[in-house]
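Reading through the structure tokens given below for one structure.
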Amino acid sequence: MSLHYDCDKDTILARVIQEGPACHTGKATCWTAKPWRVHPAIDELLGGLRRAEAQAEEGLVHEPPRSTIRRVCASKLIEEVCELEMAVRSKEEERDRARRAADVLYHYLLMLFTPECTFQDVADVLERRRR
């Protein structure tokens, strides 16, 4: 369990192990469905992957995106991490390092896109480590 307040201390968020509804409407929560939004670009990427997966399940595309992603992404992710590491060692310009870091994050998110381990699962682990 943990308690968090916002910047002007007019809202408190209690993170608990819940039993039963928490909202006066009888719903499990009063909060939005996506309370831990990281960045709109990541939300859009993950949304696009979910739409592509749904199209594959409906037979609108030949191969599920996951199959393609798994074949390509592991080696591409390693390549991008190496490029980022070299950029940091060589003291590349910040904007170039940011671009390389974005490449790492992009390919990581593509590779992570599975029902077994979601981006939310990773965010939950990071939240627990923060405490």
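Of note:
- Ignoring aspartates and glutamates fewer than eight residues from residue 27 along the same chain, the ones with Cα atoms less than 20 angstrom from its Cα are 19.
- The order of 1, 111 by accessible area, most exposed first and with a 1.4 Å probe, is 1, 111.
- Note on exposure: 9, 76, 91 ranked by accessible area (1.4 Å probe, complete protein assembly) read 91, 9, 76, with the most exposed listed first.
- A simple spin-label model places pseudo-atoms 7 Å from Cα toward Cβ; at residue 94 and residue 72 they are separated by 3.3 nm.
- Using the Cβ-Cβ distance between residue 85 and residue 18 with R0 = 41 Å, the FRET efficiency computed as 1/(1 + (r/R0)^6) comes to roughly 0.50.
- Heavy-atom accessible area with a 1.4 Å probe sorts 24, 4, 39, largest first, into 24, 39, 4.
- Prolate/oblate/rounded call for segment 90-131, Cα gyration tensor, a/c under 1.5 rounded: oblate
The values are calculated or read from the model by the stated rules, or taken from the named source; none is laboratory data. The shown structure was predicted, so the numbers you read here are calculated from the model rather than taken from an experiment. All Cβ positions, glycine included, derive from the backbone under ideal geometry; neighbour counts span all protein chains shown. Ligands, DNA and RNA are stripped out before the accessible areas are found, and what is left, the full protein with its side chains, is counted by its heavy atoms. Shrake-Rupley method; radii C 1.70, N 1.55, O 1.52, S 1.80 Å.
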